[in-house]
Amino acid sequence: MSASPSILDTIIEQRQLGDKDIAQVDEQTTRMVFFTIGGQIFAIKGAVIREILAYCDIAYMPGCPSAMKGVINVRGDIESVISLAALLGLTEAPLSRKSSILLAEAGGMRSGLTVDAVIDVAEIPESAIQPAPCTTANHQQGIMTHAVTNGTLVATMIELDPLFQNFARGLT
Amino acid sequence: MTAQPASLAMVFFRVGDVRFAIEASAVTAMLPMQPDIPAFATVMELTPGSAPRRVLSLRSAGGVQSYVVEEPVETGDLAVQSIHPLPGLLAARLRIPQIRALAWDDQGLTVLVALS
């Protein structure tokens, strides 16, 4: 004897399908590196951060702009190191054991960036990345166009492509 | 195609805290300190150190140019594998065209220079 499905069975099946639909539209996330400079919180997409390095001795290079702190040796490769604070017009905190160098690659260029402290690396839902008010020159240059919320933290997101391009052209 | 050598003969010298090297084939003479010779520190936008000084005569496209450098002035071989091109962002903003490459060995950073 073949029994037709009961109303309850149909409802259960529909709910199961519904749950699957919800699971399939899970929000996309972006890995972000959160850090501080001069008491302000910033974030950079993890995709452009190759490595987070403990602060180390930076060898001075003559003939460079003041924002270029020098070079470091990263396992046999020589990398430039730039003060992110100087590029953003901020004052960095005194060196501490939290001071770090973000080894970043964007727009075909690679460099270390000094920051006061790395405070988190987290997967952030796309909805937590929102346009920031257009109030600064950095915004106009496409460098700081979004804000990122991570729990109670609100960070200004830094786009490295225009930052590196502007630095290479002598605009910062 | 010529095989790349494993090392380059270089002359090493200092200006302040920075160690420099130039290909030995570009050095025509090392002389005692003389007056009216320009300081290599000026070319490199550096403040001269307090070490004893020497004069290096260097071959360039425009002839021989002499500069005051600081001791120790030494000859030695630099492993080709330790020589690196300038990092891209640094090269883009570098004001001193005589700086051509960098090397890192057990003595730390060496700035490789060439006059032509």
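The values are calculated or read from the model by the stated rules, or taken from the named source; none is laboratory data. Keep in mind the model is a prediction, meaning the values are calculated, not measured. Cβ coordinates were reconstructed from backbone atoms using ideal geometry, including for glycine residues, and neighbour counts include every protein chain displayed. Each accessible area value is taken on the protein alone, full model and side chains, heavy atoms only, with ligands, DNA and RNA left out. Shrake-Rupley method; radii C 1.70, N 1.55, O 1.52, S 1.80 Å.
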Check: Can you give the Rg and Dmax of the range B:7-113 based on its C-alpha atoms, in angstrom?
Finding: 13.4, 38
Margin query: Expected output is a single nm value to one decimal: the length gained when fully extending between residue A:74 and residue A:95, i.e. 0.36 nm times separation in residues minus the C-alpha distance. What is it?
Written below: 5.6 nm
Check: Buried accessible area for the A:B pair, summed, 1.4 Å probe, in Å² rounded to 100?
Finding: 1800
Item checked: Minimum 20 Å² accessible area buried by the other protein chains, the range A:57-71 residues, probe 1.4 Å, relative to alone -> A:59, A:60, A:61, A:62, A:63, A:64, A:65, A:68, A:71
Margin query: What does the net charge come to around residue A:67 if you take all other residues with beta carbon closer than 13 Å to its beta carbon, with K and R at +1 and D and E at -1?
Written below: +1
Item checked: Accessible area expressed per residue, the range A:23-172, with surrounding protein chains retained (probe 1.4 Å, Å²) -> 48
Note to self: Can you give me the long-range amide H partners of residue A:110? Hydrogens built in the peptide plane at 1.01 Å from N, cutoff under 5 Å, separation of 5 or more residues or another chain.
What the structure shows: B:88, B:89
Notebook entry, point to check: Which value, in debye to the nearest 20, gives the size of the charge dipole of the protein assembly as shown about its Cα centre, when Lys and Arg are +1 and Asp and Glu are -1 at the Cβ?
Noted result: 900
Margin query: Probe radius 1.4 Å, ligands and nucleic acids ignored: give me the carbon and sulfur share of the accessible area of the range A:28-172 as a rounded percent.
Written below: 50
Item checked: Accessible surface of the range B:7-113 [probe 1.4 Å, protein heavy atoms]: carbon and sulfur percent -> 51
Item checked: Per residue accessible area in Å² of the range B:38-105, where ligands, DNA and RNA are left out and the probe is 1.4 Å -> 49
Check: Residues with amide H under 5 Å of residue A:98's amide H, sequence separation 5 or more or different chain, H placed in the peptide plane at 1.01 Å from N; which?
Finding: none
Next item on the list: Mind listing the long-range amide H neighbours of residue A:120? Cut-off is under 5 Å, sequence gap 5 or more, other chains count too, H placed in the peptide plane at 1.01 Å from N.
Entry: A:34
Next item on the list: Mind ranking A:156, B:47 by accessible surface for me, highest first, 1.4 Å probe?
Entry: B:47, A:156
Margin query: Ordering A:129, A:124 by accessible area with a probe of 1.4 Å, largest first, what comes out?
Written below: A:129, A:124
Checklist line | J(HN,Hα) series, the range A:64-69, from Karplus relation 6.51 cos²θ - 1.76 cosθ + 1.60, nearest Hz, glycine and proline x | finding: 10, x, 4, 5, 7, 6
Note to self: I'd like the residues of the range B:73-96 whose 1.4 Å-probe accessible area shrinks by no less than 40 Å² going from the isolated chain to the full set of protein chains.
What the structure shows: B:84, B:87, B:89, B:90, B:93, B:95
Note to self: Spelling out what I want: for every residue of the range B:69-78, take phi, set θ = phi - 60°, compute 6.51 cos²θ - 1.76 cosθ + 1.60 (Karplus), and round to whole Hz; glycine and proline get x.
What the structure shows: 10, 10, 6, x, 9, 9, 9, x, 9, 10
